[in-house]
Amino acid sequence: MMQKKLMFSYLIIILAAVGISMFASWSKGYQYMDEQKKEYHLMQAELLADTFSEATIPSFQTFVEEYGNKYGVRITIISNKGEVYADSETTNKLENHATREEVVGALKGEHVTVIRYSKTMGKKYAYSAVPIKNGDFEGVMRVSLPLAEVNALNKNLVVSVIMTVLLCMVGATLLAFLFTKYLSKPIDDVTKAAEGIACGDYETKIYTSDTQQIGRLAEAFNRMSDNLNTSVRALKRRNIEFDAMLKSMASGVIAVDNNDMVMFTNSVFTEMVGYEKEQIEHQPFYSFMRNALLFQIISDVRENKQTVMQEGTLSMTKDKIIRVTATPLLKENQKELGILLILEDITQIRKLENMRRDFVSNVTHELKTPLTSIRGFVDTLKAGAIKEEQVAVRFLDIIDIEAERLSGLINDILLLSEIESKEDQEIVPCDVNQVITDVIELLQPKVADKNIRIIYEPKMGVDSYPANVDRMKQLLINLLDNAVKYTEDGTVTIQCEKKNDKLVLSIQDTGIGMEEEHLDRIFERFYRVDKGRSRKMGGTGLGLSIVKHIVERYNGTIRVESKINKGTKFTIQLPY
């Protein structure tokens, strides 16, 4: 492109220079040639006039024909009165020429050349007229030459000039092409290298033997390319580190500039708000976000120029509680660039805090009940009831029951805490069939007092399950104990098998069952379907919670099905 522009410029300059030179030269040359032709024709007429004056002329017609043929011109002899005495081109009588411009001048003694159209010959002629005298005759001799012959000479000259100019232009164009190619090559190299850098090729280099301006330009460009390559690599590395940091953060991150346009964000934030990253970045923040909490925080940060932290909910996820920390983004010169917002999902933390608070409240309540009962009976005994043996024994039995209940509650709390806080230390291959058999034998005294039958038929092919034997026993004891407690008359069926690489346990009773509304909450701590009945049967309200935590410890699942007066079924799946 550069070479074409230079070439085009040189061609215009060459054409202009040649055109101006040709026009000036041709104008002067043509004028000079015209004057020379006129002088030549006039000199020719003068020579013929001298010959005519000195010679003995037998006949004017013979003279004009002889010399007209000899010099290839038309010769006319005209008297002082304008009468044509002789003409080399015709013998016809011609009209009077006294009024012809060249004849008028010659009659005055002048030597005149005139170009004019000849009606007699039907073409343009150049007429040269001079005065003549021969003997008694005085008049004018006119020598004529057709203008076409003169123009032919001019045409030949023009063709010669044009051919010369064309050859000069071709030569100049060739030289201009070679010169522009030599001149534009380094510039083309710089252009291609710049285009390569624009496309991401920072390894491009320019090599030239020029030591002047082009050489210095190439050297400066190569240095710029190296510096740019280093800067881009550092920037890419920084961006990779920055992206990795954003992706690794568990909190949502978003930055907005002073015009509320989103500068960057991470995947956690996009999941929070339910938009794709492309729909958020470089878009107005208020175009997709409708949350008064965030709006207020941004406003507070801009007003106070300080970090602000608040908690609330997102409008699109009201079930989630978030903690928003907003801080100003500052440049090195302390000029504000925008605002950075970090959104932490603290829903689970708040749930755990609520659970902990509820747990403390429930534990306090559960401990308070037996302690109040024990203190009441102790005070009664101290007040004198201890002297009545029968009453004292009954009170002591109640105190013993409440103390045992209190001990069981404390043991369950400690067990639950241990399951939540520690990994099982003794993981061994556990024969589940044997564990079930041991638990059934352990609960036989409770079954003996009721019309209940425990049904269990061990199946072959059940592989040993890697677990803590005590944990597995605790799980089965709690489930079987509940089944026995809430079944007055009927059966408790236990099944154990291996399905799809999972250990599947099910315990089904034919007891009182429970309403469906309780099924989602029975694994909560201290949750009781029938509080009075549960306490009467010695339950602590932590049994099923312990079961669930043991199942989750082994990455398993537990499901419950129940119908009023038809029984309850627990199904546990533990992956091998």
Original post:
Once phi is turned into ³J(HN,Hα) by the Karplus curve 6.51 cos²θ - 1.76 cosθ + 1.60 with θ = phi - 60°, what whole-Hz value does each residue of the range 299-311 show in order, with x for glycine and proline?
Top reply: 5, 5, 5, 5, 7, 9, 6, 9, 5, 10, 10, 9, 10
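Find how much the distance from R521 to V18 grows on full extension, using 0.36 nm per residue of separation minus their present alpha carbon separation; answer in nm with one decimal.
Working it through step by step, the gained length comes to 170.6 nm.
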Subject >> Protein accessible area in the range 37-78, 1.4 Å probe - carbon and sulfur % >> reply: 50
Original post:
Once you put a point 7 Å from the Cα of D243 and another 7 Å from the Cα of Q444, both along the Cβ direction, what distance in nm separates them?
Top reply: 6.9
**OP:** Calculate one ³J(HN,Hα) per residue across the range 281-289 by plugging θ = phi - 60° into the Karplus curve 6.51 cos²θ - 1.76 cosθ + 1.60, and present them in order as whole Hz with x for glycine and proline.
**Re:** 5, 6, 10, x, 4, 7, 6, 10, 9
Subject >> Sites E39 and S160, calculated FRET efficiency, Cβ-Cβ separation with R0 22 Å, nearest 0.05 >> reply: 0.50
Original post:
So which trypsin sites (Lys or Arg not before Pro) in the range 83-117 are both in a DSSP loop and have at most 16 other Cβ atoms within 10 Å of their Cβ?
Top reply: K93, K108
Original post:
Over the heavy atoms of E138, what accessible area does a 1.4 Å probe trace out, to the nearest 10 Å²?
Top reply: 90
**OP:** With a 1.4 Å probe and every protein chain left in place, work out the accessible area per residue of the range 263-351 in Å², rounded to a whole number.
**Re:** 57
Original post:
Across the range 483-498, in residue order, what do the Karplus-derived ³J(HN,Hα) couplings come to in whole Hz, using 6.51 cos²θ - 1.76 cosθ + 1.60 with θ = phi - 60° and x for Gly and Pro?
Top reply: 4, 5, 4, 9, 10, 7, 8, x, 9, 10, 9, 10, 10, 9, 7, 10
**OP:** With a Förster radius of 22 Å, plug the Cβ-Cβ distance of N96 and T51 into 1/(1 + (r/R0)^6) and report the FRET value to the nearest 0.05.
**Re:** 0.30
Subject >> Simple label model, 7 Å out from Cα along Cβ direction - Y275 to S118, nm >> reply: 10.0
Subject >> Heavy-atom accessible area per residue - the range 451-527, 1.4 Å, Å² >> reply: 51
Original post:
Do any of K205/K331; K70/K133; K459/K566; K277/K335; K382/K446 go past 31 Å between their Cα atoms, and which?
Top reply: K205/K331; K382/K446
Original post:
Points 7 angstrom from Cα along the Cβ direction at R233 and K133: gap in nanometres?
Top reply: 11.0
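Taking the mean number of other Cβ atoms within 10 Å as a proxy for protection, how do you rank 387-399, 427-439 from highest to lowest?
427-439, 387-399
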Original post:
Hey, which aspartates and glutamates would be in cross-link range of K119, C-alpha to C-alpha under 15 Å, not counting anything within fewer than 8 residues on its own chain?
Top reply: D87, E89, E95, E101
Subject >> Peptides ranked, highest mean first, by Cβ atoms within 10 Å: ranges 322-329, 546-553, 498-505 >> reply: 546-553, 322-329, 498-505
Subject >> Relative contact order (%) - criterion: Cα under 8 Å, at least six apart; region: the range 52-109 >> reply: 25
**OP:** For the range 485-524, run through the GluC sites (Glu not before Pro) and keep only the ones in DSSP coil with at most 12 other Cβ atoms within 10 Å of their Cβ.
**Re:** E488, E515
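The values are calculated or read from the model by the stated rules, or taken from the named source; none is laboratory data. None of the values given here were measured: they were computed from a predicted structure. When we count neighbours, we look across all protein chains shown, and the Cβ atoms used for this are built from the backbone with ideal geometry, even at glycine. SASA here: full protein model, heavy atoms, side chains in, ligands and nucleic acids out. Shrake-Rupley method; radii C 1.70, N 1.55, O 1.52, S 1.80 Å.
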